[in-house]
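The values are calculated or read from the model by the stated rules, or taken from the named source; none is laboratory data. Please read all numbers here as calculations on a predicted model, not as lab measurements. Positions of Cβ are backbone-derived with ideal geometry, glycine not excepted, and every protein chain shown enters the neighbour counts.
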Amino acid sequence: MSTVYEAIKKRFSTRGYTDEKLTEEELFEVIDAGLAAPTAANRQELHFTVIPSDNPVLQEIEDEKNKSRGPAAKNFYYDAPTVIIISGDESFGWSALDAGIAAQNIVLAAEGLGLGSLIIGCIKDAMLGEKKAYFNEKLQIPAGYGYQIAIALGHTALAKEPHSYDASAQVSCL
Ligand SMILES: Cc1cc2nc3c(=O)[nH]c(=O)nc-3n(C[C@H](O)[C@H](O)[C@H](O)COP(=O)(O)O)c2cc1C
């Protein structure tokens, strides 16, 4: 178990996974971390769809994405054993931000468990495009909800350094 700050500093986007699946306990913990995230006015309006990599809907989403973006060298979830899609109430103005916060809770919980993760935005147009109703039904996304963000999770097969940054360009201390 690492401290939260250690997990923040160690995390990187994992774009290569082993075949090892998450255990039920790991899956419970990462989902619980998402559910425990703060939401505006405590609305708890987010929905989490957990998708194992053998579910054909992932290839359907990949195919839909590629219609507009062209084929990619790797699929959008880099063959991770688990993908979580977070959807939110489209009538609530904070759903996108709430989903981002929940996503970060999930990736940090994953880091604490020694798992790799990737936040995925590139399927947004595919999820909200002409096949939106079809994908929403397949993914058990509630009525009035729309895709916000996805997260791939698994055991890291391809490590990389966390990104660097320039505090002097991004921070003002008054
Ligand atoms: C909102 C959001 C959407 C992202 N979408 C994708 C994506 O679709 N595909 C991908 O490979 N990485 C995606 N990323 C990962 C970023 O590219 C990555 O976080 C950034 O390059 C910094 O690298 P690091 O996470 O390894 O520190 C996304 C990250 C965020 C926060």
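The table for this structure:
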{"quantity": "Residues being hydrophobic (A, V, I, L, M, F, W, C) and in a loop (DSSP other than H, G, I, E, B) - total across the stretch 135-174", "calculated": "9"}
{"quantity": "Only listed residue being out of contact with any Ser or Thr (no Cβ under 7 Å at 6 or more places or on another chain) and modelled with pLDDT of 95 or more, chosen from 170, 140, 148", "calculated": "170"}
{"quantity": "Filter result (more than 16 Å from the ligand (Cβ to nearest atom) and of a type in the set (Phe, Trp, Tyr)) within the stretch 1-56", "calculated": "28, 48"}
{"quantity": "Odd one out for residue 85, checked against (1) assigned to a helix (DSSP H, G or I); (2) within 17 Å of residue 22 (Cα to Cα)", "calculated": "(1)"}
{"quantity": "Failed condition for residue 156, given (1) surrounded by 22 or more Cβ atoms within 10 Å (Cβ to Cβ); (2) more than 10 Å from the ligand (Cβ to nearest atom); (3) of a type in the set (S, T, N, Q)", "calculated": "(1)"}
{"quantity": "Hits in the stretch 146-164 (condition: small (Gly, Ala, Ser) and either under 15 Å from the mean Cα position of the chain (by Cα) or under 25 Å from residue 49 (Cα atoms) (or both))", "calculated": "146, 150, 152, 154, 157"}
{"quantity": "Residue within the stretch 91-98 that is closer than 13 Å to residue 149 by Cα, buried (at least 19 other Cβ atoms within 10 Å of the Cβ) and either charged (D, E, K, R) or without any contact (Cβ under 8 Å) to a residue 40 or more places away in the chain (or both) present", "calculated": "yes"}
{"quantity": "Unmet criterion (only one of (1) within 15 Å of the ligand (Cβ to nearest atom); (2) polar (S, T, N, Q); (3) buried (at least 16 other Cβ atoms within 10 Å of the Cβ)) for residue 68", "calculated": "(3)"}
{"quantity": "Some residue of the stretch 48-71 being of a type in the set (Phe, Trp, Tyr) and touching a Leu at 6+ places or on another chain (Cβ under 8 Å)", "calculated": "yes"}
{"quantity": "The lone exception for residue 127 - which of (1) under 13 Å from residue 30 (Cα atoms); (2) more than 11 Å from the chain's Cα centre (by Cα); (3) touching a residue at least 60 places away in the same chain (Cβ under 8 Å) it fails", "calculated": "(1)"}
{"quantity": "Test: residue 134 is within 14 Å of the ligand (Cβ to nearest atom), closer than 24 Å to residue 56 by Cβ and either charged (D, E, K, R) or surrounded by 12 or more Cβ atoms within 10 Å (Cβ to Cβ) (or both)", "calculated": "no"}
{"quantity": "Condition broken by residue 82, with the remaining ones in (1) among the polar types (S, T, N, Q); (2) over 12 Å from residue 153 (Cα atoms); (3) under 13 Å from the mean Cα position of the chain (by Cα) satisfied", "calculated": "(2)"}
{"quantity": "Per-region count, the stretch 101-125, residues in a loop (DSSP other than H, G, I, E, B), near the ligand (Cβ under 9 Å from one of its atoms) and surrounded by fewer than 21 Cβ atoms within 10 Å (Cβ to Cβ)", "calculated": "2"}
{"quantity": "Residues of the stretch 99-124 satisfying the condition of being among the charged types (D, E, K, R) and in contact (Cβ under 8 Å) with a residue 40 or more places away in the chain", "calculated": "111"}
